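**Student:** Below is one structure. I have some questions about it.
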Amino acid sequence: MREDGTVEYTRPYPSPNPNVRLREVTYWSGGFRVKGLLAEPVAEGIRDGIVYLRGGIQHVGMVRPARIAQFAQQGFVVFAPYYRGNRGGEGFDGFGGDDRWDAVHAVDVLKQHPKTDASRIHLYAFSRGGIMALWTAILRDDITSVVNWGGVSDIVFTYKERKDLRRMMKRVIGGSPNSAPEEYRERTALFHVDRIEAPFLLIHGRMDENVSLEQSLMLEEALKEAGKPVETWYFAEYTHHFPPAVNARIVRDLCNWMKGKGH
């Protein structure tokens, strides 16, 4: 077993974009070999880094090469952990449990990359990735900024609003909020936002039925009460998934927002 964040090996991965190079990375996290996908601009130069925190669980919401290449095209080195237990990685995806350390240690993987400015690491999270980003921002003090798009902030709230996920959550987490309250409380990052140093940008479609706007509103309120910087881009006409052209524009805008932070 090697030190957390240590890269075990990498292998080339087919890229959908001639301007972006992809590699699949195997790294150590909590005693497990975990896998993820790294995207870097082909052009030379030192770049800000983004840890891209995917949504879903197992094959649902898996990292898409075209998506992280889209962020690398904006001038970032991007690393997207699959989380433990996925795509041949060891361990068990706990939906915001000990697998949160896979996100925490992904920062170290990114810092080791020769094209990354190790002093400028951002987090981008989508859906379930929101809880991973929150814990990473709580457990690390070296995050430059966080963008949370349609992100989960409270696992109990997710259990209550997503009846279709309850069976999976009971299996993965070990019960319901009533039968396993400590497991759910232990995953709830909202209790610890006072430890966050990085500024947040919350993006959400008001018509989102996968992760309700309420999840971003709760996080916004918690951050403001703790005196933490938070900006919101809420869109009245969109759901969990935005139209491709709008999505591409918002990616450009949020990347520019990231680049302007921490200077």
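The values are calculated or read from the model by the stated rules, or taken from the named source; none is laboratory data. For clarity, every value in this text was computed on a predicted model and none was experimentally measured. When we count neighbours, we look across all protein chains shown, and the Cβ atoms used for this are built from the backbone with ideal geometry, even at glycine.
**Student:** Restricted to the stretch 16-31, and to residues that are in contact with a Lys or Arg (Cβ under 6 Å, 6 or more places away or on another chain) and either without any contact (Cβ under 8 Å) to a residue 60 or more places away in the chain or not aromatic (F, W, Y) (or both), which residue is nearest to A69 (Cα to Cα)?
**Tutor:** E24
**Student:** Among the residues of the stretch 72-105, write down those that are crowded, with 24+ Cβ neighbours inside 10 Å, small (G, A, S) and in contact with a strand residue (DSSP E or B) (Cβ under 6 Å, 6 or more places away or on another chain).
**Tutor:** A72, A80, A103
**Student:** Hey, another quick one. Taking interchain pairs and intrachain pairs at least six residues apart, which have beta carbon atoms under 7 angstrom, with the first residue in the stretch 74-87 and within 14 Å of A43 (Cα to Cα) and the second part of a loop (DSSP other than H, G, I, E, B)?
**Tutor:** Listed pairs, sorted by first residue: V77/H113; V77/K115.
**Student:** Which one is nearest to the chain's Cα centre (by Cα) among residues in the stretch 114-138 that are among the aliphatic types (A, V, I, L, M) and surrounded by 24 or more Cβ atoms within 10 Å (Cβ to Cβ)?
**Tutor:** This residue is A125.
**Student:** Return a yes/no flag: does the stretch 48-60 have any residue that is over 23 Å from T158 (Cβ atoms), in a strand (DSSP E or B) and not acidic (D, E).
**Tutor:** yes
**Student:** Ok, one more. Just need a number here: residues in the stretch 71-100 that are under 26 Å from N247 (Cα atoms), of a type in the set (A, V, I, L, M, F, W, C) and in a loop (DSSP other than H, G, I, E, B).
**Tutor:** The number of residues fulfilling the criteria is 1.
Results for (1) free of Cβ contacts under 8 Å to residues at least 12 places away in the same chain; (2) in a strand (DSSP E or B); (3) farther than 21 Å from V251 by Cα, shown as yes or no for each residue.
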position	(1), (2), (3)
D102	no, no, yes
D117	no, yes, no
Y124	no, yes, no
A137	no, no, no
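**Student:** Among residues belonging to the stretch 224-263 that are farther than 18 Å from H204 by Cβ and part of a loop (DSSP other than H, G, I, E, B), point out the one that is modelled with the lowest pLDDT.
**Tutor:** Out of the qualifying residues, it is H263.
**Student:** Go through (1) assigned to a helix (DSSP H, G or I); (2) in contact with a helix residue (DSSP H, G or I) (Cβ under 9 Å, 6 or more places away or on another chain) one by one and return the number of the condition D108 breaks.
**Tutor:** Unmet for D108, out of (1) assigned to a helix (DSSP H, G or I); (2) in contact with a helix residue (DSSP H, G or I) (Cβ under 9 Å, 6 or more places away or on another chain): (2).
**Student:** Considering each residue of the stretch 172-189, count those that are within 17 Å of the chain's Cα centre (by Cα) and surrounded by fewer than 20 Cβ atoms within 10 Å (Cβ to Cβ), and give that number.
**Tutor:** So the count comes out to 1.
**Student:** Here are some residues: V34, V42, V20, V60. Which one is surrounded by 15 or more Cβ atoms within 10 Å (Cβ to Cβ), β-branched (V, I, T) and either out of contact with any His (no Cβ under 9 Å at 6 or more places or on another chain) or closer than 14 Å to Y124 by Cβ (or both)?
**Tutor:** Details: V34 fails: either out of contact with any His (no Cβ under 9 Å at 6 or more places or on another chain) or closer than 14 Å to Y124 by Cβ (or both); V42 fails: surrounded by 15 or more Cβ atoms within 10 Å (Cβ to Cβ); V60 fails: surrounded by 15 or more Cβ atoms within 10 Å (Cβ to Cβ).
Unique residue meeting the criteria: V20.
**Student:** Does G49 satisfy being at positive phi and in contact with a helix residue (DSSP H, G or I) (Cβ under 7 Å, 6 or more places away or on another chain)?
**Tutor:** Taking the combined requirement at face value, the residue does not satisfy it.
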